[in-house]
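Before any comments, here is the structure.
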Amino acid sequence: MEAIVLVGGQGTRLRPLTISTPKPMLPAAGVPFLTHQLARARTAGIEHVVLATSYRAEVFSEHFGDGSSLGLRIDYVTETDPLGTGGGIRNVVDRLESGPSDPIVVLNGDILSGHDIPAQIAAHRAAGAVATLHLVRVDDPSAFGSVPTDDRGRVTAFVEKSPEPVTNQVNAGCYVFDRALIDTIPAGRVVSVEHETFPALLAAGAVVVGYVEDAYWLDVGTPAAYVRASADLVRGVVASSAVERPGDAWVSPSARVVGAARVSGGSAVGPDVAVEAGSTVDGSIVMDGATVGSEVSVLRSVIGRGAELGDGCRLVDAVVGDGARLGAGNELTSGARVWPGVRLPDCAVRFSSDA
Ligand code: GDD
Ligand code: MG
């Protein structure tokens with residue numbers, strides 16, 4: 001069984017973290033996020049993976065190499081100019097080894113899903129579909145592809161990111177395609193499966209099926225979703241064979257967390273990090289080489305590589321870019337983002353005043 005994983009997006013909603021690192025390679029529970037997806041794919045019986053890369057393509061192959069450490073064979077195809085989701089899928093066709101009527105799994109590279117991929121493949125085969133889409137129900141479908149199905153489970157429409165979604169059942173970003181369908185996607189130009197391929201298939205009366213399974217599911221496209229995904233992996237809320245032992249926190253063996261500091265809530269503390277006395281790190285990600293001073297409080301936040309938080313800083317739902325340095329007593333909240341390398345003087349930003 002083969003899979004194509006789309007990892008070429010720029011991850012703009014996760015800036016500045018994605019300036020240096022493509023979204024699927026950001027650390028979650030101590031390893032690049034994509035590791036969890038690849039581990040799940042392997043468990044589902046997938047042996048060969050083609051990564052459709054574009055933005056910062058080299059980072060993927062440098063880390064995963066031939067894939068053997070995950071028990072996979074991984075090939076890489078790079079789009080010099082991004083070709084969109086459909087164009088990216090079409091662009092890797094030469095690397096596929098399956099026959100025309102074989103099913104191929106296609107994954108968005110930023111999805112953490114506990115759903116049953118073999119069951120989705122079985123549903124695809126049973127329905128004789130050309131494409132089978134994993135669908136989940138969400139509270140706010142406007143940020144996703146809204147995908148209604150009829151009483152036989154056939155997809156009846158595909159409406160990408162509409163302010164007026166037709167249903168709260170959405171595209172979960174994992175497809176099973178007949179290999180022959182991929183051959184019909186136009187080559188050498190930008191194609192969106194969401195805007196072009198799916199609507200065209202439906203208009204032509206092709207059998208497109210919805211596989212509805214409300215398992216754990218998260219698109220890690222925003223800082224809030226990214227910290228949650230990492231914390232859920234650390235705590236074992238969603239299983240991953242890339243997490244050795246689920247627990248309240250993951251702390252790299254080379255990190256130094258002094259006894260009088262507390263790391264909890266599924267936090268992940270990377271290699272060579274230092275956390276000083278009296279500090280709390282809760283539900284957060286602290287990347288390689290960052291330093292957290294004393295009496296600091298970090299809640300649901302991301303601290304980039306080599307960043308420094310001075311004594312007494314408070315962060316809630318904030319992102320600090322690589323190498324940024326916050327002087328003592330700064331307070332950042334609600335979506336605040338500090339760009340890489342920025343220096344904030346002591347007490348430059350406070351988020352509340354009861355005066
Ligand atoms: N190779 C390649 N080339 N990959 C791309 C390109 C491209 O030009 N553009 C995007 N990707 C990859 C991204 O890296 C990501 O892994 C995946 O395709 C989806 O792109 P996102 O930018 O994350 O899309 P989205 O989250 O807004 O919407 C998509 O996912 C939703 C589910 O999470 C759509 O498929 C929606 O319909 C869906 O509901
Ligand atoms: Mg996404």
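The values are calculated or read from the model by the stated rules, or taken from the named source; none is laboratory data. These figures come from a predicted structure and were not determined experimentally. Don't worry about glycine lacking a Cβ; one is built from the backbone with ideal geometry, like all the others, and counts go over all protein chains shown. These accessible areas exclude ligands, DNA and RNA; they are computed on the full protein's heavy atoms, side chains included. Shrake-Rupley method; radii C 1.70, N 1.55, O 1.52, S 1.80 Å.
The number of residues in segment 269-305 that are open to solvent by less than 40 Å² (accessible area, probe 1.4 Å) and assigned to a loop (DSSP other than H, G, I, E, B) comes to 14. So, in segment 192-206, of the ones that are open to solvent by 50 Å² or more (accessible area, probe 1.4 Å) and closer than 23 Å to Gly84 by Cβ, which residue ends up farthest from ligand 2 (Cβ to nearest atom)? Across segment 192-206, the extreme among qualifying residues is Ala204.
Selection of first residues in segment 218-231 that are without any contact (Cβ under 8 Å) to a residue 12 or more places away in the chain and within 11 Å of Lys23 (Cα to Cα) and of second residues that are assigned to a loop (DSSP other than H, G, I, E, B) and more than 10 Å from ligand 1 (Cβ to nearest atom), restricted to Cβ pairs under 6 Å at least 6 apart or on distinct chains, gives an empty result.
For every residue, the table says whether it meets (1) open to solvent by less than 20 Å² (accessible area, probe 1.4 Å); (2) of a type in the set (Asp, Glu); (3) farther than 22 Å from Arg179 by Cβ; (4) not assigned by TED's automatic domain parsing to the domain that holds His115.
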| residue | (1), (2), (3), (4) |
| --- | --- |
| Gly9 | no, no, yes, no |
| Arg13 | no, no, yes, no |
| Thr21 | yes, no, yes, no |
| Leu26 | yes, no, yes, no |
| Thr35 | yes, no, yes, no |
| Leu51 | yes, no, no, no |
| Ala57 | yes, no, yes, no |
| Glu79 | yes, yes, no, no |
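Are any of the residues in segment 242-257 under 30 Å from Ala129 (Cα atoms) and part of a loop (DSSP other than H, G, I, E, B)? Checked against the condition, which is being under 30 Å from Ala129 (Cα atoms) and part of a loop (DSSP other than H, G, I, E, B), segment 242-257 yields no hits at all. Would you be able to say whether some residue in segment 207-219 is of a type outside the set (A, V, I, L, M, F, W, C), surrounded by fewer than 17 Cβ atoms within 10 Å (Cβ to Cβ) and outside the structural domain of Val170 (by TED's automatic domain parsing)? Within segment 207-219, not a single residue is of a type outside the set (A, V, I, L, M, F, W, C), surrounded by fewer than 17 Cβ atoms within 10 Å (Cβ to Cβ) and outside the structural domain of Val170 (by TED's automatic domain parsing). Residues in segment 40-49 that are open to solvent by less than 10 Å² (accessible area, probe 1.4 Å) and closer than 22 Å to Arg228 by Cβ: Ala41 alone. Residues of segment 88-126 being more than 20 Å from Val7 (Cα to Cα), among the hydrophobic types (A, V, I, L, M, F, W, C) and in contact with a strand residue (DSSP E or B) (Cβ under 6 Å, 6 or more places away or on another chain), which ones? Ile121, Ala123 - these are the residues of segment 88-126 that are more than 20 Å from Val7 (Cα to Cα), among the hydrophobic types (A, V, I, L, M, F, W, C) and in contact with a strand residue (DSSP E or B) (Cβ under 6 Å, 6 or more places away or on another chain). Here Arg228 meets the list (1) open to solvent by 30 Å² or more (accessible area, probe 1.4 Å); (2) part of a helix (DSSP H, G or I); (3) in the same structural domain as Leu96 (by TED's automatic domain parsing); (4) not hydrophobic (A, V, I, L, M, F, W, C) almost entirely, failing just condition (3). Looking at Ser61, Ser101, Ser69, just one residue is of a type outside the set (A, V, I, L, M, F, W, C), more than 16 Å from ligand 1 (Cβ to nearest atom) and either part of a helix (DSSP H, G or I) or open to solvent by less than 10 Å² (accessible area, probe 1.4 Å) (or both), and that residue is Ser69. Among the criteria (1) in contact with a strand residue (DSSP E or B) (Cβ under 7 Å, 6 or more places away or on another chain); (2) within 16 Å of ligand 2 (Cβ to nearest atom); (3) open to solvent by 10 Å² or more (accessible area, probe 1.4 Å), the one Gly30 does not fulfil is (2).
For segment 61-102, filtering for residues that are over 25 Å from Ala172 (Cα atoms) and among the β-branched types (Val, Ile, Thr) leaves 1.
Given the structure, is Thr132 surrounded by 15 or more Cβ atoms within 10 Å (Cβ to Cβ) and in contact with a Pro (Cβ under 6 Å, 6 or more places away or on another chain)?
On the way: surrounded by 15 or more Cβ atoms within 10 Å (Cβ to Cβ): yes; in contact with a Pro (Cβ under 6 Å, 6 or more places away or on another chain): no.
Taking the combined requirement at face value, the residue does not satisfy it.
Examine segment 6-28 for a residue that is among the small types (Gly, Ala, Ser), in a helix (DSSP H, G or I) and modelled with pLDDT under 95, and state whether such a residue exists. Yes, there is a match, as at least one residue in segment 6-28 is among the small types (Gly, Ala, Ser), in a helix (DSSP H, G or I) and modelled with pLDDT under 95.
Return the residue satisfying two criteria in turn: it lies in segment 147-176 and is more than 14 Å from Asp219 (Cβ to Cβ) and in a strand (DSSP E or B), and of such residues it is most open to solvent (accessible area, probe 1.4 Å). Step by step, filter segment 147-176, then rank; the result is Arg154.
Of all the criteria given as (1) open to solvent by less than 10 Å² (accessible area, probe 1.4 Å); (2) assigned to a strand (DSSP E or B), the one not satisfied by Val234 is (2).
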